[in-house]
Amino acid sequence: MSRIHHQGPLIIGGGLAGLSAALEAAPAPVLVVSPTPLLEAASSAWAQGGVAAALSQSDAPALHLKDTEAAGAGLVDHHAAEVLTDDGRATVEWLAALGAPFDREADGGFSVSREAAHSMARVARVGGDGAGRAILSALAIAARAAEHITVWEDGRLTGLLQDATGRVVGAVIERAGDRVEVLATAVVLATGGAGGLFGQTTTPRALLGEGLALAWLAGAEILDPEFVQFHPTAIDVGLDPMPLATEALRGDGARLIDRNGEFILGPEADADLAPRDVVARAVHQARAEGRGAFLDARTAIGDHFPQAFPAVFASCIAAGLDPRVQPIPVAPAAHYHMGGIAADPEGRTSLKGVFAVGECAATGVHGANRLASNSLLEAAAFGRRTGRMAAAERAGGTPVGATPAMPHLSAEPLLELRAAMSAEAGVVRNAEGLTRLLARIDGLEAAHGPALPLVVARLIAEAALARRESRGGHYRSDYPETFTTARHTRLVKPEVESSLPRAAGWA
């Protein structure tokens, strides 16, 4: 195995969080490692809604903060969320300055729309439903042009290097079948979520939580892994991953109906703009009862669909649907992991030398249920903060070991795992199903070894089984009530610890 000494941060992940960190780390030399070419397998490129921020005269960061905390069902870290919402306008303006072509009003201001659980319109969009790809494209161009950034678009993280004190001093990267040790002053994990662990998902299938698993194996604290958000309106046309019908459609008046044309959440005008967990459970129930679930945009959007929501329109037409005249069949699907590596707004984790940002991190801003379009804001805003903090790190000691090399999980057992995760750890959970899931994980591990996707799946399942209440995205049919006191799940290898809420960061 060869070794490289890199005198700056090593960033694993080329999505919005990773590239924001890389750009803001200047002038420190940065090495960005992505397993695929930029834009190909990043969830941020697939985001349709936009960036939530207080941008209008009638809005304010304090109002955005209030909505964020309300959606998070008691587990939002107030300080982290306040930092995030205060950074909102500056982050959108920074992205715009890099070339992100946000929709504008006639006076040049940002055009904003309303999404579920927001008290007002505050989501900055691009071309109706193309925000993620447009924003990430602008950052990719800027990163490739930046003299301080080197990008490997063929590297896969397989291990973390630690010195005698346990500090992470680099990572093991696999490129074209060869493994190379990259020593760095800091390792920034921006490896994305774990939606690929579920058979029904709106995220790239390659996102299996492997960065989270390696951080856990190295000793990092994991926060609230049981909280997975299921998007209520994935387009149900037999594709894997499932195309997404953005929440902005409901913000513009589209309604959820069953096959009889009855409103699934009730006739009130804003009924379909309830928090995502509420809507996802209602859609799940309608399907379980045989009534089906459909998103009806015929009246609200109608003939304007191709111009207003071109990405969703293209997905529908490709599947043989015309949303101008037909309701869209929908189903809940894994969409975002609120849990992850415990980190503060500057990306610091409990593990020295490691920073975490984006969906693989749990900063406390999403709590038990992410507020729509806060994820792109967090990726960029906290990505910038993390880049600056990581650039100030100094090299650690000599590596004396690495996290153990884990076996690869081949296609067939991975499909088995994904089906079990959606069936037993999906929108509605219970002890019987979660126990079956853990037994399935045991069997897969016995047959194939402790592969990283199995490590993450076990963390999610064990934490879901231990949380005997329903809160936010975690719903237990056998424990439907919500505890009066909100408690975090904190996992520190090899033990599970639960304590009263505290800041998910370290000074």
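Values in this text are rule-based calculations from the coordinates and carry no lab data. Just so you know, these numbers come straight off a predicted model, no measurement behind them. No Cβ is skipped: glycine too gets one built from the backbone with ideal geometry, and neighbour counts run over all protein chains shown.
Sorted largest first, the spans of the alpha carbon positions of the stretch 209-253 along the three principal axes are 46, 24, 14 Å. Which residues does the label zone of ARG3 cover in the stretch 374-404, counting backbone N under 18 Å from a point 7 Å along Cα→Cβ? Counting only backbone N, you get 395-404. Given +1 at the Cβ of Lys and Arg, -1 at the Cβ of Asp and Glu and no other charges, the dipole of the stretch 1-144 around its Cα centre is 480 debye to the nearest 20.
Explain nothing, just the number: dipole magnitude of the stretch 234-332 about its Cα centre with +1 on each Lys and Arg Cβ and -1 on each Asp and Glu Cβ, in debye rounded to the nearest 20.
For this selection, approximately 120 debye.
Both the radius of gyration and Dmax for the chain are 21.4, 67 Å, in that order, over alpha-carbon atoms. Dipole of the stretch 1-89 computed with +1 at Lys/Arg Cβ and -1 at Asp/Glu Cβ about the Cα centre; of HIS64, LEU75, GLN7, farthest Cα towards the positive end is GLN7. Residues SER44, SER20 in ascending order of nearby Cβ atoms (within 10 Å, fewest first): SER44, SER20.
Please state the charge dipole magnitude for the chain, taken about the Cα centre, from unit charges on C-beta atoms (+1 on K and R, -1 on D and E), reported in debye and rounded to the nearest 20.
Computed about the Cα centre, the dipole is about 540 debye.
What the Cα atoms of the stretch 360-507 give is an Rg and a Dmax of 18.1, 51 Å. A protection proxy built from the mean count of other Cβ atoms within 10 Å ranks the segments 249-255, 394-400, most packed first, as 249-255, 394-400. The fewest-to-most ranking of THR363, THR482, THR68, THR185 by surrounding Cβ atoms within 10 Å reads THR482, THR185, THR68, THR363. Note: the stretch 234-332, Cα convex hull, 92 Å³ per residue. I'd like to know which of GLY443, GLY130, GLY18 lies farthest towards the positive end of the charge dipole of the chain, counting +1 on Cβ of Lys and Arg and -1 on Cβ of Asp and Glu. Value: GLY443. Annotation for the stretch 60-111: GluC sites (Glu not before Pro) lying in DSSP loop with at most 10 further Cβ atoms inside 10 Å of their Cβ are GLU105.
Helical runs (DSSP H, four residues minimum) scored at -39500 (n - 2.57) apiece and divided by the length of the chain put the mean residue ellipticity at 222 nm at -9500 deg cm²/dmol.
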